[in-house]
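Values quoted throughout were computed directly from the atomic coordinates according to the rules given, and no laboratory measurement underlies them. Just so you know, these numbers come straight off a predicted model, no measurement behind them. We place every Cβ from the backbone using ideal geometry, glycine too, and count neighbours over all the protein chains shown.
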């Protein structure tokens with residue numbers, strides 16, 4: 001397990017894995033985060049805390065590249081497209097299930113599943129990550145729940161149902177989408 005990572009909640013530039021990723025492009029942890037050689041055209045778009053942060057991409061002097069951070073510049077986002085990151089997420093979920101938790105609440109789901117476009121285009125949303133997490137959760141503890149906050153920058157109900165249940169909410173899909 002990558003030391004110091006408690007999934008997406010405990011990201012920090014000070015953690016050993018981030019420090020290792022910053023040292024070299026050949027680092028085993030480099031692809032655990034989202035990097036860009038050039039400052040993306042959309043570097044100021046999607047700021048979550050206006051007035052506190054002014055961009056979502058920050059140049060790292062040590063790495064000599066820009067890194068993506070949806071929230072603060074001291075919290076680089078994990079590259080959830082990396083299979084090793086996804087396996088680490090499952091390991092951490094498994095650990096907490098073994099410790100007796102009965103479910104997980106995911107904060108800011110649209111940001112967890114987004115794939116930042118380093119070319120400045122639209123960020124894509126990868127619902128497969130949530131499907132994989134749900135499948136793992138169901139396999140390890142059939143009655144465990146996964147609850148997600150969609151936030152104000154979100155996908156629609158129709159997108160949710162389409163992504164998780166092939167266009168309709170069906171019993172056993174393991175996914176419930178509820179919006180007011």
If you go through the stretch 52-101, how many residues are part of a loop (DSSP other than H, G, I, E, B) and under 19 Å from the mean Cα position of the chain (by Cα)?
-> 15
Among what's in the stretch 107-117 and is more than 18 Å from residue 29 (Cβ to Cβ) and assigned to a loop (DSSP other than H, G, I, E, B), pick the residue that is nearest to the chain's Cα centre (by Cα).
-> 113
When the stretch 48-67 is checked residue by residue, the ones that are surrounded by fewer than 16 Cβ atoms within 10 Å (Cβ to Cβ) and either under 20 Å from residue 108 (Cα atoms) or touching a strand residue (DSSP E or B) at 6+ places or on another chain (Cβ under 9 Å) (or both) are 49, 50, 51, 52, 54, 59
Any idea which residue in the stretch 22-47 is surrounded by the most Cβ atoms within 10 Å (Cβ to Cβ), counting only those that are touching a helix residue (DSSP H, G or I) at 6+ places or on another chain (Cβ under 8 Å) and in a loop (DSSP other than H, G, I, E, B)?
-> 29
Does residue 104 satisfy the criteria of being part of a loop (DSSP other than H, G, I, E, B), under 23 Å from residue 147 (Cβ atoms) and either in contact with a strand residue (DSSP E or B) (Cβ under 9 Å, 6 or more places away or on another chain) or without any contact (Cβ under 8 Å) to a residue 40 or more places away in the chain (or both)?
-> no
Across the stretch 49-70, what is the number of residues that are in contact with a helix residue (DSSP H, G or I) (Cβ under 8 Å, 6 or more places away or on another chain) and free of Cβ contacts under 8 Å to residues at least 24 places away in the same chain?
-> 0
